[in-house]
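What follows is a single structure, written as structure tokens, with notes after it.
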Amino acid sequence: MDDHSLEEFRRRWQEELAQAQALRKRRRPEVAPGRGEQASGYLALAQGLLEGAGRPPTVRATRAERQDAASRSRSPPVREAAGGGEQLVDQLIRDLNEMDDVPFFDVQLPYELAINIFQYLDRKELGRCAQVSKTWKVIAEDEVLWYRLCQQEGHLPESSISDYSCWKLIFQECRAKEHMLRTNWKNRKGAVSELEHIPDAVLCDVHSHDGVVIAGYTSGEVRVWDTRTWDYVAPFLESEYEEDEPGMQPYVSFVRINSSLAVAAYEDGFLNIWDLRTGKYPIHHFEHDARIQALALSKDDATVATASAFDVVMLYPNEEGYWQITAEFEVQKLVDYLEIVPDTGRYPVAVATAGDLVYLLKAEDSARTLHYVYGQPVTCLDVSANQVAFGVKSLGWVYEGNKILVYSLEAERCLSKLGNTLGDFTCVNLRDSPPNLMVSGNMDRRVRIHDLRTDKIALSLSAHQLGVSAVQMDDWKVVSGGEEGLVSVWDYRMNQKLWEVHSRHAVRHISFNSHSLITANVPYEKVVRNSDLDSFATHRRHRGLIHAYEFAVDQLAFQSPLPVCRSSCDTMTSYNYDLALTFPSDNI
């Protein structure tokens, strides 16, 4: 297309646009506010593309732009501008020939462009648009739009768009299930089971990951349950001790589990690592010279960190699968808490607290002091991908109050100082909390929700009588455990307690997701009582308990009371068992 042909095409295009606008004004003298402006905007956009302007039209042009436009109209066309305009015209013609047009009031838009506009709408706005016309209904129910909505709200995150034929129906089913689960959480409806105990043994430590629970006992035995299958016949994980030495195994100090590994630390400094995919026998043994004081396992990979005496060791398998020490650090005091930072890439990173010292441990570097104030020991610890939060106990003649400090792992500086309470902070949950929020428990019997944006306490709940020992929250609820053995569920948006369950021992572990809850009551005294002298019921009261709750009642039986709640009395046949009934706690 030469310059003369291009100019002729422009002139005819502008004349047709002017005639269409004049005819539209004669037919509809009164135009709804905003409608004519929208149409003129699209037409101006098309005209700007033809002229090769390269920018969207504005409502009001400046004086310099008007002068520039006038000078361009009087001057002969430039060859480069003509070439660019020719490309834009050819592309516009190809798009108009290949795509079906969608009526948007006074203009026709390609279908793909309409989809790009509709992708900024939520589900309610899409529903309203589907009622405008048949064409808009087809666009509003496009699979791409509803697939994006499912991904944005966290439904089926690992699915692709080709997995289902009707994503709008899938979205509705996911929202209905989410509403059902939330209702069951609030009303405490669902199935609950007490995980099978080990005779002649006391519970020492419990940990869980995605519904898989691991427990260690005073007998040295380690047991794993998979609550996702609702089959609680748990296998034992074998250790390296000889079978001809029954009762001689040391206590289990700590247990940890993730999607593929299970780790147990013993009182004599021995460490066992199992691969849950290969079998019940350990794949690696590691021995410390002294008792293991802290144990950490990464939720993402196979990194294991242990603290014994004044040493912190990181273990990781190499490419051949052989476990080796990837990093070893020396600290000044005995380690109290140890956590592995998630999503660190190639080199593992851990955070350890030892008295009033907080260390940042990077595998490729030496131990660095992240925080240190003499006479102010750390009372709790939790980490996320970018931050670390720990409670500090204020002592000495300069009393500043007990606080929670939030540090940036990248900048290695303090971001927030939260709290200032009389009691010690006993637990903090940063990793599982919603963005910009954090929940903590204190010895003053209160659960606090902190707003990290304003460094203030968003909500304070009077939760437990003897102090808070475990806590976790999501976008609408808080689950807390106390030293007196009480598990409480709160709707913190309404500042209301939903329900509670009581057991004898302190709550040491709480882990929940949208449909399940795992709680563990671990006794302080690890005294093994003689089964010949004590009855079974007496032994149950002292060994510790692990409970698993399942709130997806559409997949499970409605009648699933705790064993202690089962009685021989007759009940009404039309009544479905509801966990909202009061739990008899005398025999627990």
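The values are calculated or read from the model by the stated rules, or taken from the named source; none is laboratory data. Remember, it's a predicted structure, so these values are computed and weren't measured experimentally. Every residue, glycine as well, gets a Cβ built from its backbone with ideal geometry; the counts of neighbours run over all protein chains shown. Protein only, heavy atoms only, side chains kept; ligands, DNA and RNA dropped before computing areas. Shrake-Rupley method; radii C 1.70, N 1.55, O 1.52, S 1.80 Å.
Limited to the range 174-197, what total is found for residues that are β-branched (Val, Ile, Thr) and either open to solvent by 10 Å² or more (accessible area, probe 1.4 Å) or over 30 Å from Pro235 (Cβ atoms) (or both)?
The total comes to 1.
Could you list, in sequence order, the residues of the range 124-160 that are of a type in the set (Ser, Thr, Tyr) and modelled with pLDDT of 90 or more?
Tyr147
Check every one of the strands (runs of 3 or more DSSP E) wholly within the range 411-485 and list those with 2 or more residues that are of a type outside the set (Phe, Trp, Tyr) and under 20 Å from Glu339 (Cα atoms). Even if it seems obvious, please write down each step before you answer.
Values: elements: 413-421, 425-429, 437-442, 446-451, 456-462, 468-473, 477-482.
Counting at least 2 such residues, we get 413-421, 425-429, 437-442, 468-473.
For the range 304-325, enumerate the residues that are open to solvent by less than 50 Å² (accessible area, probe 1.4 Å) and assigned to a strand (DSSP E or B).
Within the range 304-325, Val304, Ala305, Thr306, Ala307, Ser308, Val312, Val313, Met314, Leu315, Pro317, Trp323 meet the criteria.
Taking the range 354-384 on its own, how many of its residues are in contact with a Lys or Arg (Cβ under 9 Å, 6 or more places away or on another chain) and polar (S, T, N, Q)?
3
For a quick check of your reading of the model, give me the residue pairs whose first member lies in the range 96-123 and is modelled with pLDDT of 75 or more, whose second is exposed (fewer than 13 other Cβ atoms within 10 Å of the Cβ) and among the aliphatic types (A, V, I, L, M), with beta-carbon atoms closer than 6 Å and at least 6 apart or on different chains.
none
Just to verify a result, which residue in the range 334-360, among those that are buried (at least 17 other Cβ atoms within 10 Å of the Cβ) and hydroxyl-bearing (Ser, Thr, Tyr), is modelled with the lowest pLDDT?
Looking at the filtered set, the residue picked out is Thr344.
Mind telling me which of the residues Asn513, Asn495, Asn420 ends up being among the polar types (S, T, N, Q), without any contact (Cβ under 8 Å) to a residue 60 or more places away in the chain and either under 30 Å from Glu153 (Cβ atoms) or touching a Ser or Thr at 6+ places or on another chain (Cβ under 6 Å) (or both)?
Asn495
Any idea which of Glu287, Glu238 is farther than 26 Å from His197 by Cβ and surrounded by fewer than 21 Cβ atoms within 10 Å (Cβ to Cβ)?
Checking each option against the conditions leaves just Glu287.
Please tell me if Asp210 is within 19 Å of Ala552 (Cα to Cα), acidic (Asp, Glu), modelled with pLDDT under 85 and open to solvent by 10 Å² or more (accessible area, probe 1.4 Å). Steps first, answer last, please.
Details: within 19 Å of Ala552 (Cα to Cα): yes; acidic (Asp, Glu): yes; modelled with pLDDT under 85: no; open to solvent by 10 Å² or more (accessible area, probe 1.4 Å): yes.
It is false that Asp210 is within 19 Å of Ala552 (Cα to Cα), acidic (Asp, Glu), modelled with pLDDT under 85 and open to solvent by 10 Å² or more (accessible area, probe 1.4 Å).
Applying the selection to the range 120-131, what residues are surrounded by 13 or more Cβ atoms within 10 Å (Cβ to Cβ) and more than 14 Å from Phe171 (Cβ to Cβ)?
Cys129
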